[in-house]
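A short write-up of the structure that comes next.
The values are calculated or read from the model by the stated rules, or taken from the named source; none is laboratory data. What you see is a predicted model; the values in this text were computed from it and never measured. Because the Cβ atoms are built from the backbone with ideal geometry, glycine has one as well, and the counts that use them run over all protein chains shown. For the accessible areas, the whole protein counts, side chains as well, though only heavy atoms, and no ligand, DNA or RNA atoms are used. Shrake-Rupley method; radii C 1.70, N 1.55, O 1.52, S 1.80 Å.
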Amino acid sequence: MGTDTVRAGSADEAAERRREQRGWYFYDWACSVYSTSVLTVFLGPYLTSVAKNAADADGYVHPLGIPVRAGSFFAYSVSLSVIVAVLVMPLVGAAADRTGRKKPLLAAAAYTGAAATTGMFFLGGDRYLLGGLLLVVANAAQSVGTMLYNSYLPQIAPPEERDAVSSKGWAFGYAAGALVLVVNLVLYMGHDSFGLSESAAVRVCLASAGLWWGAFALIPLRRLRDRRSTAKEPTAPGFRQLAATVRDMRRHPLTLAFLLAYLIYNDGIQTVISQASVYGSEELDLGQSTLIAAVLLVQVLAVVGALALGRLARLYGAQRTILGSLIAWAVILAAGFFLPAGAPVWFFVLASGIGLVLGGSQALSRSLFSHLVPPGKEAEYFSAYEMSDRGMSWLGPLLFGITYQLTGSYRDAIISLVAFFVIGFVLLARVPVRQAIIDAGNPVPERI
């Protein structure tokens, strides 16, 4: 009877874990539409056009009296958003670890971001400053929310399940992005038949991403559960927490080494995601419908890629699989530099390559990092991880914007991003991952 009771308890725990994992997937389903429809497709070209409407005769806007080329305003806004996120995330992460109450913080971040995104419906004319403000708020909120969401992974999946669970989460997100992009494409291309102007159709697409985010965030908020804090040390108050997190990481130098590599190569990935539509519209003279179709292709193939690279990781280990994906990223960017203008077919070929490596490189990075986090420090460490995730990187967009401002060429701007993948590859290859997991105090999976 005792054995039967234990087995029944184990079965109940497994069922509860599966239920919580399914709820966890739906946060990716909820917020990835923002990343796809807003950040990747519509907002970059649209905010750039709004900034150009407000520009002077030399093509500059002047936020706070600072001369900024209109074509760089979007990239600078993305960069500014991460400065806000860097200040906020360690505070929120430390509070989550200290109290064990992640769900209220996740809800606050999700609905702040959803509200800012919905407010983009009112972006029009020459209101580029409003667009920049809403972008900063939405990006920072998404960064905080995703940090809290990621920090659940070590709690809802044992080590042997994490690659698969993380990959399924990314696949859910890309599937949602693809579904909503189909609707966006129908609305945008048929805007006249719906009685909408082109600008109004874009604004409806932007706002609908915020409504989707808010609606589907209810599912993980119902299924995920808070856990009693296991942190052994009190966390520092105020802005000292950022420094405290870094000091704590210095006690785990191999974890810090992986994080440094990730911050660099993912900076490149997120900059490609956020600036690809601007590159396609401004440098390659591609229409909005072509860009939407290309991103839709990326979303569909990213589902396949995330699951396929998850399988490769089970055969060859997550670290080797990520390294292979970084080589592919560098090759893709080099090919992008030579793409001819006005040739959508070649743009679709490039989008196919991005889709196949995008989901897997991100999903495996997340699951690999989860093994390197000391128990009880999940949210705090994932706050540092999230500083470079989901388009929140600051150095990549800044380099992209400065390169364009200095050269006036988006081709020069896009090729400059290869450096992130080369440096990230070298740094990641030098990390002894198995030893890093042991040093963090976690069990080592059979294949890593």
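Structure values in brief
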{"quantity": "Per-residue ³J(HN,Hα) for the range 105-122, Karplus 6.51 cos²θ - 1.76 cosθ + 1.60, θ = phi - 60°, Hz, x for Gly and Pro", "calculated": "5, 4, 5, 4, 5, 4, 7, 5, x, 5, 5, 5, 5, 4, x, 5, 4, 8"}
{"quantity": "Carbon and sulfur %, accessible surface of the chain computed with the full protein complex present, 1.4 Å", "calculated": "65 percent"}
{"quantity": "Probe 1.4 Å, accessible area per residue of the chain, Å²", "calculated": "39 Å²"}
{"quantity": "Burial order of peptide ranges 415-424, 219-228, 298-307, 123-132 (average beta-carbon count within 10 Å, highest first)", "calculated": "298-307, 415-424, 123-132, 219-228"}
{"quantity": "Gain on full stretching of the segment that runs from Ile327 to Arg447 - 0.36 nm per residue minus C-alpha separation", "calculated": "41.0 nm"}
{"quantity": "Shape category assigned to the range 119-196 from the gyration tensor of Cα positions, a/c cut at 1.5", "calculated": "oblate"}
{"quantity": "Lys, Arg +1 and Asp, Glu -1 on Cβ, resulting dipole of the chain about Cα centre, debye, nearest 20", "calculated": "1260 debye"}
{"quantity": "Cα gyration tensor shape of the range 169-322, rounded if a/c is under 1.5, else prolate or oblate by comparing a/b with b/c", "calculated": "prolate"}
{"quantity": "Cβ-Cβ FRET estimate between Ser409 and Ala107, R0 fixed at 56 Å, reported to 0.05", "calculated": "0.80"}
{"quantity": "Over the chain, relative contact order from alpha-carbon pairs under 8 Å, at least 6 apart, %", "calculated": "27 percent"}
{"quantity": "Between the range 98-130 and the range 21-39, the Cα center-to-center distance that results, in Å", "calculated": "14 Å"}
{"quantity": "Listed residues Leu323, Ala57, Ala293: farthest to the positive end of the dipole of the chain (Cβ charges)", "calculated": "Leu323"}
{"quantity": "Principal-axis tilt of helix 288-316 within the chain, Cα atoms, nearest 10 degrees", "calculated": "20 degrees"}
{"quantity": "3J(HN,Hα) from dihedral phi, the range 137-149, Karplus parametrisation 6.51/-1.76/1.60, rounded to Hz, x for glycine, proline", "calculated": "5, 5, 5, 5, 5, 5, 4, 5, x, 5, 4, 5, 4"}
